[in-house]
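Everything below concerns the one structure shown next.
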Amino acid sequence: MVAIGAVVSSIALLMVAPLPESRHWEAAGFFTTLGLLASALGYQTSTATTGNIGFLPFLSVALIAPNASALATVFISVFGAELLARRAPLKAVFNVGQFVFAQALAVIAFLLAGGESLLSEKPKILTLVVLVGVFLGLNKLAVSTVVAASSGRDTRSTWFRAMRSSLVYDLLAFPLIYVFAEVYVRAGALVAAALALPMLGVRQLYKTNVALEKMNEELLQLMVAAIEARDPYTSGHSQRVARFARVIARAAGVGSKQTERIAVAALLHDVGKIHEEFAPILRKPGRLTDSEFEIMKSHPDKGAALIGKVTHFADLVPLVEAHHEAWNGRGYPKRLKGDDIPFGARVIALADTIDAMSTSRPYREALSPETVRAEIVSESGRQFDPALCDSLLEPSAWAEIVREIGIATSEYPVVAPAAEVPNSTASARVLAR
């Protein structure tokens, strides 16, 4: 579908745009070299997409040569990078198609808005906004459609999150596109190349940082999986809670950076259970005695103490420590109440309970989404922050959490022991140990 869109939009551009001049092809040759280099230096992100700064030379050449030569720059650059990376044919076709599609329609929109080559006149702010906005919006839409289809999520919400998460970087890149093109036109290719080199260097540093973050995330996942191996009926629990916490935080209007920190805290919320004293309790299939429950109630403090040893996790300590506190003050370990409970801990508490209810236990089958919703309504203002409950129960947010329950439980299925536990309640207050 993307490939067809690329072909159709390319034909449309050929019909709308004037024929390229020799100086347009010269600019295309220069920016193709930079585009190929930028695309080849792309990196894998944590969402399985590829990040690169190819859009900078692509949009810069579109300002100078808003015609078929700008399209040729994109095609040769991305196609060449795909060959060098030895990408699978289907993925290579998609990557080439999405950039060509976005470039063609962006140039068409630029021309229809009254834009002309930077060789003729300086572009109006409106035409520059149209060019950049259409390109970035369509490029992210193509990727979001694939990500949403593969993960079972909604395309619109996936695209909106992608646009919001990159907004700061896109705004910073906006003037660079014009400056890059202006330097080439006024000072020539050598000066423009000199400007490009430090940009590529900064991007490589960013790529290294992303790789380190990805490795740290994978190590966290490994550590959490090792801890949960002790507790077979909550295998994958922390990973699922982290996914639910993201949905809840976004529904409450939390920014992407804080949402991710809450998700990391959710992933680590049960890390205190690594202590040996919890091992026999976690393996016990039946109800806990009062003394065993008292031991279990110490895991938030122990988890907070453990992650407090890592400087990077200092801001997560209060969230892990308070994730079993209740809105009405009847939680543990400190019996905090209402707004005294850290916001992130309130998010994790709700996410934790959703997972406890939506997965099968030795004493009951997983509860239906309708039952889970009813329990949240029942415990709003008692166990849970009522404002969080209200935002989560909005139709769009609740539809997303239901989708996430299906996705998370299929990716991290519960391995329940065969032992029976008599007469247990389905109340939200009965959480995962």
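The values are calculated or read from the model by the stated rules, or taken from the named source; none is laboratory data. All of these numbers come straight from a predicted model, not from anything done at the bench. Don't worry about glycine lacking a Cβ; one is built from the backbone with ideal geometry, like all the others, and counts go over all protein chains shown.
Note on the range 289-311: residues that are under 21 Å from Arg240 (Cα atoms) and either outside the structural domain of Lys334 (by TED's automatic domain parsing) or of a type in the set (Val, Ile, Thr) (or both) amount to 1. For Leu319, the conditions (1) buried (at least 21 other Cβ atoms within 10 Å of the Cβ); (2) under 18 Å from Val347 (Cα atoms); (3) modelled with pLDDT under 95 are fulfilled apart from (3).
Given the options Ser391, Ser396, name the one that is in contact (Cβ under 8 Å) with a residue 24 or more places away in the chain, surrounded by 14 or more Cβ atoms within 10 Å (Cβ to Cβ) and of a type in the set (Ser, Thr, Tyr). It would help to see each step written out before you state the result.
Numbers: Ser396 fails: surrounded by 14 or more Cβ atoms within 10 Å (Cβ to Cβ).
Ser391 is the lone residue from the list that is in contact (Cβ under 8 Å) with a residue 24 or more places away in the chain, surrounded by 14 or more Cβ atoms within 10 Å (Cβ to Cβ) and of a type in the set (Ser, Thr, Tyr).
All conditions in (1) without any contact (Cβ under 8 Å) to a residue 60 or more places away in the chain; (2) assigned to a helix (DSSP H, G or I) hold for Ala366, with the sole exception of (2).
Against the condition at pLDDT 95 or above, assigned by TED's automatic domain parsing to the domain that holds Ser238 and part of a helix (DSSP H, G or I), how does Ala397 come out, does it pass?
On the way: at pLDDT 95 or above: no; assigned by TED's automatic domain parsing to the domain that holds Ser238: yes; part of a helix (DSSP H, G or I): yes.
Criteria not met by Ala397.
Pairs meeting the criteria (first residue in the range 134-146 and in contact (Cβ under 8 Å) with a residue 24 or more places away in the chain, second residue surrounded by fewer than 20 Cβ atoms within 10 Å (Cβ to Cβ) and polar (S, T, N, Q), beta carbons under 8 Å, at least 6 apart or on different chains) are Leu136/Ser166; Lys140/Ser166; Val143/Thr49. Residues that are acidic (Asp, Glu) and in a helix (DSSP H, G or I) were ranked within the range 263-283; the one that is surrounded by the most Cβ atoms within 10 Å (Cβ to Cβ) is Glu277.
Among the residues here, Gly286 qualifies as modelled with pLDDT of 65 or more, surrounded by fewer than 21 Cβ atoms within 10 Å (Cβ to Cβ) and either assigned by TED's automatic domain parsing to the domain that holds Gly406 or not in a helix (DSSP H, G or I) (or both). Going by the structure shown, is Ala356 assigned to a helix (DSSP H, G or I), at pLDDT 95 or above and not hydroxyl-bearing (Ser, Thr, Tyr)? No, not satisfied.
The residue of the range 359-388 that is modelled with the highest pLDDT, among those that are surrounded by fewer than 19 Cβ atoms within 10 Å (Cβ to Cβ) and of a type in the set (Asp, Glu), is Glu370. The condition of being surrounded by fewer than 16 Cβ atoms within 10 Å (Cβ to Cβ), assigned to a loop (DSSP other than H, G, I, E, B) and out of contact with any Ser or Thr (no Cβ under 9 Å at 6 or more places or on another chain) holds for only one of Leu126, Leu119, that being Leu119.
Among residues of the range 152-174 that are over 22 Å from Ala399 (Cα atoms), none has a beta-carbon under 9 Å from a residue that is at pLDDT below 70 and part of a helix (DSSP H, G or I) at least six positions away or on a different chain. There is at least one residue in the range 30-42 that is modelled with pLDDT of 90 or more, crowded, with 20+ Cβ neighbours inside 10 Å and more than 31 Å from the chain's Cα centre (by Cα). Only one entry in Thr155, Thr127 is over 15 Å from Leu13 (Cβ atoms) and either modelled with pLDDT under 80 or not assigned by TED's automatic domain parsing to the domain that holds Gly35 (or both), namely Thr155.
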